[in-house]
Amino acid sequence: MNDIVQILIYGMVLGSVLSMGAIGVSMIFGILRFAHFAHGDFMTLGAYIGLTFIAVMGLSPWFALPAAMIGMAVVAVVIDQLLYRRIRRTQPVILLISSFGMALILRSLIQLIWGSENQTYASGIQFPWRLDVLGGLRIKPDHVWIVLISLGLVAGVHLFLTRTRMGKAMRAMSDNMDLALVSGIPAERVIMVTWIIGGALAAAAGVFLGIDTRLHPVMGWTTLLPVFAAAILGGIGRPYGAIVGGMIIGISMEMSTLFISAAYKPAVAFAIMVIMLIVRPQGIFKGTL
């Protein structure tokens, strides 16, 4: 029983990371109608931007998190203006292939600037808290903060989409773009805000992943499949469903280690994604933003 609860905690941490990436994927698809395959490398770049602030300014990873989110939000807007905006009115497959190319470019830049070896935010071992329940649970303080900050960011996105004029405009464009444009909604401004939120949350996911494990140039690419699985499970285009999908995928991946090798965890995410596409293609939460 203790082992199961311990793995459940690890699954919640992984689910929090996947949720941050899945919200960005869902929002980009909901507004721009294309699958952004460079999002995993957005996560990686955000993590390395955080590493730079830690190395240069001596910040802790938690204080470097806002800086990484702001930096990645700026990078996301620049990439949209330089690449995606110019081909936005073409076929979706061209955007998809372009996002693959952008993923390769970002990965190469990361290796060029920061190197290809593994890196960490902090040296040493963090001693976990011990709880005298279920035989003695061990919880790392970093894991608690990852889950709490993720929930806070999800709540912030929810309030933004439901309480602000820009959020309502984004929901309108996701629901019916042509009608939204006729109604006078500033499309380019909405798209820019979408990239800002998506880039910032991708950086948060990357920093969380770096805090929990380590940094390496392909960390985001290897996490991309579970991120898409979480987005599809929760309902593609539904940021509210992304947190649910992320938690389900994260917990399922970690629980699978009780029965199969940890090397097959991505296969678990893929299997859940395929089953959902067959049984309920619209996801758990049907609809738009």
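The values are calculated or read from the model by the stated rules, or taken from the named source; none is laboratory data. Just so we're clear, the structure is a prediction, and the values are computed from it rather than from any experiment. Methodologically, a virtual Cβ is constructed for each residue, glycine included, from the backbone with ideal geometry; neighbour enumeration extends over all protein chains shown. Remember, those area values only see protein heavy atoms, side chains included, never the ligands or the DNA or RNA. Shrake-Rupley method; radii C 1.70, N 1.55, O 1.52, S 1.80 Å.
What about Ala68, is it free of Cβ contacts under 8 Å to residues at least 12 places away in the same chain and within 19 Å of Trp114 (Cα to Cα)?
Judged against the criteria, Ala68 is not a match.
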(message) Return the residues of region 232-285 that are open to solvent by less than 10 Å² (accessible area, probe 1.4 Å), in contact with a Leu (Cβ under 9 Å, 6 or more places away or on another chain) and within 22 Å of Ile146 (Cα to Cα); say none if nothing qualifies.
(response) Pro239, Gly241, Ala242, Gly245, Gly246, Ile249, Gly250, Ala269
(message) Looking only at region 108-149, count every residue that is of a type in the set (Val, Ile, Thr) and either at positive phi or modelled with pLDDT under 85 (or both) and tell me the total.
(response) 3
(request) Examine region 1-13 for a residue that is under 20 Å from Ala155 (Cβ atoms) and touching a residue at least 24 places away in the same chain (Cβ under 8 Å), and state whether such a residue exists. (result) yes
(message) I'd like to know if region 178-193 contains one or more residues that are hydroxyl-bearing (Ser, Thr, Tyr) and part of a helix (DSSP H, G or I).
(response) no
(message) Looking at region 27-51 only, could you name the residues that are touching a helix residue (DSSP H, G or I) at 6+ places or on another chain (Cβ under 6 Å), in a helix (DSSP H, G or I) and of a type in the set (A, V, I, L, M)?
(response) Met27, Ile28, Ile31, Met43, Leu45, Ala47, Ile49
(message) I'd like to check something: does region 46-53 contain any residue that is touching a residue at least 24 places away in the same chain (Cβ under 8 Å), touching a Leu at 6+ places or on another chain (Cβ under 9 Å) and hydrophobic (A, V, I, L, M, F, W, C)?
(response) yes
(message) Taking the conditions exactly as written (open to solvent by 10 Å² or more (accessible area, probe 1.4 Å), of a type in the set (Val, Ile, Thr) and not in a loop (DSSP other than H, G, I, E, B)), does Ile23 satisfy them or not?
(response) no
